[in-house]
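Reviewing the structure listed below.
The values are calculated or read from the model by the stated rules, or taken from the named source; none is laboratory data. Keep in mind that what you see is a predicted model, and the values were worked out from it rather than measured. Cβ coordinates were reconstructed from backbone atoms using ideal geometry, including for glycine residues, and neighbour counts include every protein chain displayed. Accessible surface areas use protein heavy atoms only, side chains included; no ligands, DNA or RNA. Shrake-Rupley method; radii C 1.70, N 1.55, O 1.52, S 1.80 Å.
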Amino acid sequence: MLLSVERSGESIPLSFKIINAIAEREGVEATEIEPPEYEALYDVLNPEALDALFAPREDGTPRSSGRVAFSYCGYDVVVTSDGDVEILD
């Protein structure tokens with residue numbers, strides 16, 4: 001599972017932050033947020049596209065600010081270009 005991959009020196013992708021936030025809210029380990037008990041993130045949105053949406057451009061310049069909101073595992077999730085993840089009931 002991707003969550004077990006160490007990414008030393010790199011910032012944590014938004015998709016990982018979402019999984020971690022849901023796991024914290026549910027009181028389980030992040031590696032437990034997977035089917036059949038939990039909805040797969042890729043069934044809701046494309047995690048790679050989300051990670052790339054706010055990532056710096058190839059030349060290192062930042063992208064525009066913004067936010068994305070969606071429902072996942074029974075929660076409303078809001079992620080921002082600053083890398084913040086908010087989980088709402």
Worksheet item: Looking at (1) of a type outside the set (Ser, Thr, Tyr); (2) at pLDDT below 95; (3) in a helix (DSSP H, G or I), which is the only condition ILE19 fails?
Response: (2)
Worksheet item: What are the pairs, 6+ residues apart or on separate chains, where a residue within the range 40-63 that is open to solvent by less than 40 Å² (accessible area, probe 1.4 Å) has its Cβ under 7 Å from a residue that is at pLDDT 85 or above and among the acidic types (Asp, Glu)?
Response: ALA40/GLU34
Item to complete: Just give me the residues in the range 12-29 being crowded, with 19+ Cβ neighbours inside 10 Å and either over 11 Å from the mean Cα position of the chain (by Cα) or aromatic (Phe, Trp, Tyr) (or both), in sequence order.
Response: PHE16
Fill in: Search result, residues across the range 43-74 that are closer than 19 Å to ILE33 by Cβ and part of a loop (DSSP other than H, G, I, E, B)
VAL44, LEU45, ASN46, CYS73, GLY74
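Against the definition (exposed (fewer than 14 other Cβ atoms within 10 Å of the Cβ), at pLDDT 95 or above and of a type outside the set (Gly, Ala, Ser)), how does ASP89 come out, yes or no?
No: the conditions fail for ASP89.
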